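*Asks:* Before anything else, here's the structure in question.
No lab work stands behind these numbers, since they all come straight from the coordinates. Since the structure is predicted, the reported quantities are computational estimates derived from the model, not experimental observations. Neighbour counts run over all protein chains shown; Cβ positions are idealised from the backbone, glycine included.
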Amino acid sequence: MALEAPVVWTHTGHNTRQVTSPFSPRRHFNGLALDPKILCTNAMPAVSEVRNVNGIEGVGSLMHITMAESAGGGFKRVKIDKIDHAEMKYRYSVVDGSDFDHDMTEKISYQVTVEADPNGGPGSVATIKVKHYWRHFGKGLDLSDEQVLEQTHMQGFDVFDDAERKQYPVLEQRVDRRLSS
């Protein structure tokens, strides 16, 4: 599938990001919720491997994500918290990792909602809300965008750098071919 437009990342407000994609809403959601292994390893150059740790599929599954050496190596552990197929909502939390600050952070949760393109186009928009859960400062502490970006970068949870974002349309074509087969 030739893509008409690239994926666009936008900060849209307090602790919120949006990803605009040429994929239909259902296909975008299914790639996130049903087959994150294909999506992550094909669309994110910083990720070299995704494997299920506890054998549970869907909600409750624990995924071990190995980062590529070019991205600094290391790993992340991600727990799938919620999948709502009807509303196309998906929540996961980063709960561990080689650069995860266990003294300070309990988890970092991401609530993803996929919707049709508000401009009536064939694509979709995923809205991602980030919430940090701190061990000593309270649950779901409300941080400024700058603080969230600083903590996200410090703990190594940025999956894309600017160069990779520019390459994303090409990578998304690879994902599209894999999801179609």
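*Asks:* What is the spin-label model distance, in nm, from residue 26 to residue 54 if the labels are put 7 Å beyond Cα along the C-beta direction?
*Replies:* Spacing of the two 7 Å Cα→Cβ label points: 3.0 nm.
*Asks:* Calculate, for residue 62 and residue 117, the FRET efficiency according to 1/(1 + (r/R0)^6) with r their C-beta to C-beta distance and R0 25 Å; round to the nearest 0.05.
*Replies:* So, using R0 = 25 Å, E works out to roughly 0.15.
*Asks:* If amide H atoms are built 1.01 Å from N in the plane of the peptide, which residues on other chains or at least 5 residues away come under 5 Å of the amide H of residue 23?
*Replies:* 124
*Asks:* Compute the FRET efficiency between residue 75 and residue 16 as 1/(1 + (r/R0)^6), taking r as their Cβ-Cβ distance and R0 = 25 Å, and round to the nearest 0.05. Working shown, then result.
*Replies:* Values: r = 27 Å, r/R0 = 1.06.
The computed FRET efficiency comes out at 0.40.
*Asks:* Still on this structure, I have one more. For residue 67, what residues show an amide H to amide H distance below 5 Å, using hydrogens built from the backbone and excluding near sequence neighbours?
*Replies:* For residue 67, the qualifying residues are 48, 74, 75, 76.
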